[in-house]
Amino acid sequence: MKQLWLVRHAKSDMGPPSLPDIERVLNASGLETAAAMGGFLAGQGANPEVLIASPALRARQTAELLCRGLSYPVGNIQFEKAVYEALPETLLDVIQKVSMDVERLMLVGHNPGIASLVHMLGGSLVGMSTCTVVSMGFDSPDWDLLCYPPKYCKVWNPGEVLG
């Protein structure tokens, strides 16, 4: 079974008007939430073999903080330009290019693409507030042959699971 975790980056600041969007950073709340969600996910048994993230600074920071809680090597994060500002079809294409040998994949990106991908794969609309994680399991032999809807779909909103 293929396991997929889709993560929206944690809360960021807009920064000054001259700051390019890709360089926006997490605010204090986002830093705290991303770190806490890493520990929460580890407690739920999340153990990705591959973690792909947008190269945007806020997504990079989110991925790195999640990795600390998951005991995933930060140096193994794959930053994929296609994930930044991606449509759900583009995100699905990124996922489908992952080796069939990989059983557990985590993707850290942005809305509206992440929420739209959850809807595409799971068939339901999910509120993807910042740092929300959706876990899905697919009875498929390969990422490019995903059979959806998934066998299961769990939504973990930090406001609900972290208290």
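The values are calculated or read from the model by the stated rules, or taken from the named source; none is laboratory data. Just so we're clear, the structure is a prediction, and the values are computed from it rather than from any experiment. Don't worry about glycine lacking a Cβ; one is built from the backbone with ideal geometry, like all the others, and counts go over all protein chains shown. SASA here: full protein model, heavy atoms, side chains in, ligands and nucleic acids out. Shrake-Rupley method; radii C 1.70, N 1.55, O 1.52, S 1.80 Å.
Does residue 115 fit the bill of being touching a His at 6+ places or on another chain (Cβ under 8 Å) and either at pLDDT below 95 or not basic (Lys, Arg) (or both)? Against the criterion (touching a His at 6+ places or on another chain (Cβ under 8 Å) and either at pLDDT below 95 or not basic (Lys, Arg) (or both)), residue 115 does not qualify.
Given the structure, is residue 39 assigned to a loop (DSSP other than H, G, I, E, B) and either closer than 29 Å to residue 163 by Cβ or open to solvent by less than 50 Å² (accessible area, probe 1.4 Å) (or both)? It is false that residue 39 is assigned to a loop (DSSP other than H, G, I, E, B) and either closer than 29 Å to residue 163 by Cβ or open to solvent by less than 50 Å² (accessible area, probe 1.4 Å) (or both). Would you check if residue 6 is touching a residue at least 60 places away in the same chain (Cβ under 8 Å) and closer than 28 Å to residue 101 by Cα? It is true that residue 6 is touching a residue at least 60 places away in the same chain (Cβ under 8 Å) and closer than 28 Å to residue 101 by Cα. A count restricted to the range 9-26 and to residues that are open to solvent by less than 30 Å² (accessible area, probe 1.4 Å) and either in a loop (DSSP other than H, G, I, E, B) or farther than 15 Å from residue 110 by Cβ (or both) stands at 2.
So which residues in the range 122-163 are among the small types (Gly, Ala, Ser) and touching a residue at least 60 places away in the same chain (Cβ under 8 Å)? Of everything in the range 122-163, those that are among the small types (Gly, Ala, Ser) and touching a residue at least 60 places away in the same chain (Cβ under 8 Å) turn out to be 129, 135, 137, 140. Of the conditions (1) within 17 Å of residue 4 (Cβ to Cβ); (2) open to solvent by less than 60 Å² (accessible area, probe 1.4 Å); (3) touching a Ser or Thr at 6+ places or on another chain (Cβ under 8 Å), residue 63 fails just one. Which one is it? It fails just one condition, (3). When restricted to residues that are open to solvent by 10 Å² or more (accessible area, probe 1.4 Å) and within 18 Å of residue 27 (Cα to Cα), the range 42-57 contains 2.
Looking across the range 133-154, the residues that are of a type outside the set (A, V, I, L, M, F, W, C) and out of contact with any helix residue (DSSP H, G or I) (no Cβ under 7 Å at 6 or more places or on another chain) come down to 135, 137, 139, 140, 141, 142, 151, 152, 154.
The residues of the range 29-76 that are within 12 Å of the chain's Cα centre (by Cα), under 19 Å from residue 135 (Cβ atoms) and free of Cβ contacts under 8 Å to residues at least 40 places away in the same chain, listed by number, are 38, 67.
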